[in-house]
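Novice: The structure's right below; bear with me while I get my questions together.
The values are calculated or read from the model by the stated rules, or taken from the named source; none is laboratory data. Note that the structure is a prediction, hence the values are computed from the model and not measured. In this analysis, Cβ positions are derived from the backbone assuming ideal geometry, glycine residues included, and neighbour counts consider all displayed protein chains. Surface accessibility is based on the protein's heavy atoms, side chains included, excluding ligands, DNA and RNA. Shrake-Rupley method; radii C 1.70, N 1.55, O 1.52, S 1.80 Å.
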Amino acid sequence: MREALAEARAAALAGEVPIGAVAVISGIVIARGQNRVLRDQDPTAHAEMVALRAAAKVIGNYRLLDCALYATLEPCAMCAGAIIHARLKRLVYGAADPKAGAAGSVLEVLNHPRLNHTLPVTGGLLAEECGELLREFFRAKRI
């Protein structure tokens, strides 16, 4: 999660909402992502999506069966859908997202009983640090 936090900090320095993600296989980071929505003018360039795309290129397959994803914020519905389609092995996230979270905060997209893929989901890892980074960013925007 510390690596994902580093990506989130880099996103903030670039003027993006500070969310980061890393894809990991056997404890080794194989891909990184940070929010790039503004820089890429792409509404799908969330940190998780960027990391998933990079991981798929690294392993040469869109199925990320042996891959865990660490993200600083609970994934939205779009990212949760991509996680399911990629068949991720595991998801770990930091802060819950009470406005758009799709791992239980607002929606339960991940591990929905009618979908064809389930995975272990762990929320709350370094949640305070992940959440504070977001709060600081938005506080500064309001000034």
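Novice: Which loop-located trypsin sites (Lys or Arg not before Pro) does the range 70-143 contain, where loop means any DSSP state but H, G, I, E or B and the Cβ has at most 13 other Cβ atoms within 10 Å?
Specialist: Here the sparse-neighbourhood loop sites are K99, R114.
Novice: Please check: in the Gaussian network model of the chain (C-alpha springs, under 10 Å), which one of L88, L126, L73 has the largest mean-square fluctuation.
Specialist: Among L88, L126, L73, the largest mean-square fluctuation in the Gaussian network model of the chain belongs to L126.
Novice: Compute the accessible area per residue over the chain, keeping the other protein chains in place, probe 1.4 Å, unit Å².
Specialist: Spelled out: the 1.4 Å probe surface of the chain, per residue, equals 52 Å².
Novice: How much FRET efficiency would the formula 1/(1 + (r/R0)^6) give for D40 and A140, where r is the Cβ-Cβ distance and R0 is 22 Å, rounded to 0.05?
Specialist: FRET efficiency, D40 to A140: 0.50.
Novice: With everything on Cα atoms, drop me the angle between helix 77-86 and the longest principal axis of the chain, reported from 0 to 90° to the nearest 10.
Specialist: Roughly 30 degrees, rounded to the nearest 10.
Novice: Calculate what fraction, in whole %, of the accessible area of the range 1-137 sits on carbon and sulfur atoms when a 1.4 Å probe is rolled over the protein chains.
Specialist: Carbon and sulfur: 56 percent of the exposed surface of the range 1-137.
Novice: State the label only: which of (1) 11.2; (2) 8.0; (3) 8.6 corresponds to mean projected area of the Cα convex hull in nm² computed from the shown model?
Specialist: (2)
Novice: Applying 1/(1 + (r/R0)^6) with R0 = 22 Å to the Cβ-Cβ distance of R9 and V106, what FRET efficiency is obtained, to the nearest 0.05?
Specialist: 0.30
Novice: Can you give the angle from 0 to 90° between the axis of helix 2-13 and the longest principal axis of the chain, with both taken from C-alpha atoms, to the nearest 10?
Specialist: 40 degrees
Novice: To continue, here is another question. When the Karplus curve 6.51 cos²θ - 1.76 cosθ + 1.60 is applied with θ = phi - 60°, which whole-Hz ³J(HN,Hα) does each residue of the range 97-109 get, with x for Gly and Pro?
Specialist: Computed from phi, the couplings for the range 97-109 are 10, x, 9, 8, x, 10, 10, x, 5, 10, 10, 10, 7 Hz.
Novice: What angle do you read, to the nearest 10 degrees and between 0 and 90, between the alpha-carbon axis of helix 127-142 and the longest principal axis of the chain?
Specialist: 40 degrees
Novice: Can you give me the relative contact order of the chain as a percent, contacts being Cα pairs under 8 Å and 6 or more apart?
Specialist: 20 percent
Novice: Given the options V37, V22, V109, which has the most mean-square fluctuation in a GNM of the chain, springs set between C-alpha atoms less than 10 angstrom apart?
Specialist: Residue with maximal mean-square fluctuation among V37, V22, V109: V37.
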